[in-house]
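The next block holds one structure in the form of structure tokens; read it before the comments.
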Amino acid sequence: MATPMSASSFIRALKDEGLTVVEVGDWRTHNRNHVGPWGPVHGVMIHHTVTKGTANTVRICRDGYAGLPGPLCHGVIAKDGKVHLVGYGRANHAGSGDDDVLRAVIAETALPPDNEANTDGNRHFYGFECENLGDGKDPWPAVQVEAMEAAAAAVCRVHRWNAPSVIGHLEWQPGKIDPRGVSMAGLRRRIDERLS
């Protein structure tokens, strides 16, 4: 259980991990805090965007769309590995998910199947949207996957979490498939190596 780090600590953690960070508008205060709490935080969630083109992807993740207002994450990880910060605080990225999964993330134990959606994930997870069509054909450049690893590790390092605190959206909410094309077990192994 952790209090969310400040926006300044968040950007510093990402840069300290070697990431190139792009600040988008008023990202430090752009959030959904007026509709519910953010925190305590327990982990990091990885997504794919189902979009093409970095500028378009960043705009959608910052502003949202009809029926789902932005921000849709905290950081957008582009194909070139840059992390575009679009919001900070509660963000519309995780939705409702499985309370058993949340307990496993907190305990850093093996994840159970996500078979219900009864818990507010937007409150408890940092979210990174990764630019990819999610069709199983759009490639994941090595530099992008490395940035996903680094961004998740940066958050874990600050909170003294380990790799099991990082999950994919598909492991949280029934019916989700993202990040399609990236092995979350493999990503967690990379994060574990980076943190050790």
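The values are calculated or read from the model by the stated rules, or taken from the named source; none is laboratory data. Predicted, not measured: the structure shown is a model, and the values here were computed from it. Neighbour counts are summed over all protein chains in view; Cβ atoms, including those assigned to glycine, are modelled from backbone coordinates with ideal geometry. Only protein heavy atoms, including side chains, enter the accessible area calculation; ligands, DNA and RNA are left aside. Shrake-Rupley method; radii C 1.70, N 1.55, O 1.52, S 1.80 Å.
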**Request:** Considering every residue within the range 140-157, establish whether at least one is open to solvent by 60 Å² or more (accessible area, probe 1.4 Å) and either under 24 Å from Thr3 (Cβ atoms) or touching a strand residue (DSSP E or B) at 6+ places or on another chain (Cβ under 8 Å) (or both).
**Result:** yes
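Out of everything in the range 1-25 that is among the polar types (S, T, N, Q) and more than 25 Å from Leu102 (Cβ to Cβ), what residue ends up being least open to solvent (accessible area, probe 1.4 Å)? Break it down stepwise before answering.
Here is the first cut: in the range 1-25, the ones among the polar types (S, T, N, Q) are 3, 6, 8-9, 20.
Remaining after also requiring more than 25 Å from Leu102 (Cβ to Cβ): 8, 20.
Details: Ser8: 56, Thr20: 76 Å².
The qualifying residue least open to solvent (accessible area, probe 1.4 Å) is Ser8.
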**Asked** Just a yes or no: is a residue in the range 88-95 open to solvent by less than 10 Å² (accessible area, probe 1.4 Å), closer than 18 Å to Ala147 by Cα and hydrophobic (A, V, I, L, M, F, W, C)?
**Response** no
**Request:** Among the residues of the range 104-117, write down those that are aliphatic (A, V, I, L, M) and surrounded by 14 or more Cβ atoms within 10 Å (Cβ to Cβ).
**Result:** Ala104, Val105, Ile106, Leu111, Ala117
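Do the conditions hold for Ala66, that is, is it closer than 25 Å to Ala163 by Cα and either open to solvent by 20 Å² or more (accessible area, probe 1.4 Å) or at pLDDT 95 or above (or both)?
So Ala66 fails the test.
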**Request:** Consider Val101 carefully, then state whether it is open to solvent by less than 40 Å² (accessible area, probe 1.4 Å) and in a helix (DSSP H, G or I).
**Result:** yes
**Asked** Quick one: how many residues across the range 26-49 are assigned to a loop (DSSP other than H, G, I, E, B) and either under 21 Å from Ser96 (Cα atoms) or open to solvent by less than 70 Å² (accessible area, probe 1.4 Å) (or both)?
**Response** 11
**Request:** Considering only the range 120-169, state which residues are under 23 Å from Gly39 (Cα atoms) and either assigned to a loop (DSSP other than H, G, I, E, B) or without any contact (Cβ under 8 Å) to a residue 24 or more places away in the chain (or both).
**Result:** Gly121, Asn122, Arg123, His124, Arg160, Trp161, Asn162
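Tally time: how many residues in the range 99-117 are under 17 Å from Val41 (Cα atoms) and in contact with a helix residue (DSSP H, G or I) (Cβ under 9 Å, 6 or more places away or on another chain)? Walk me through it before giving the result.
Within the range 99-117, the subset under 17 Å from Val41 (Cα atoms) is 99-109.
Those left that are additionally in contact with a helix residue (DSSP H, G or I) (Cβ under 9 Å, 6 or more places away or on another chain): 101, 104-109.
Going through the range 99-117 one residue at a time, the tally reaches 7.
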**Item:** the range 181-196: number of residues that are in contact with a helix residue (DSSP H, G or I) (Cβ under 8 Å, 6 or more places away or on another chain) and either open to solvent by 70 Å² or more (accessible area, probe 1.4 Å) or without any contact (Cβ under 8 Å) to a residue 12 or more places away in the chain (or both)
**Value:** 3
**Prompt:** Got a sec? Which of Asp120, Asp135, Asp178 is open to solvent by less than 60 Å² (accessible area, probe 1.4 Å), of a type in the set (D, E, K, R) and more than 24 Å from Val21 (Cβ to Cβ)?
**Reply:** Asp120
**Message:** For the range 158-175, give me the residue count where each residue is open to solvent by 50 Å² or more (accessible area, probe 1.4 Å) and polar (S, T, N, Q).
**Reply:** 1
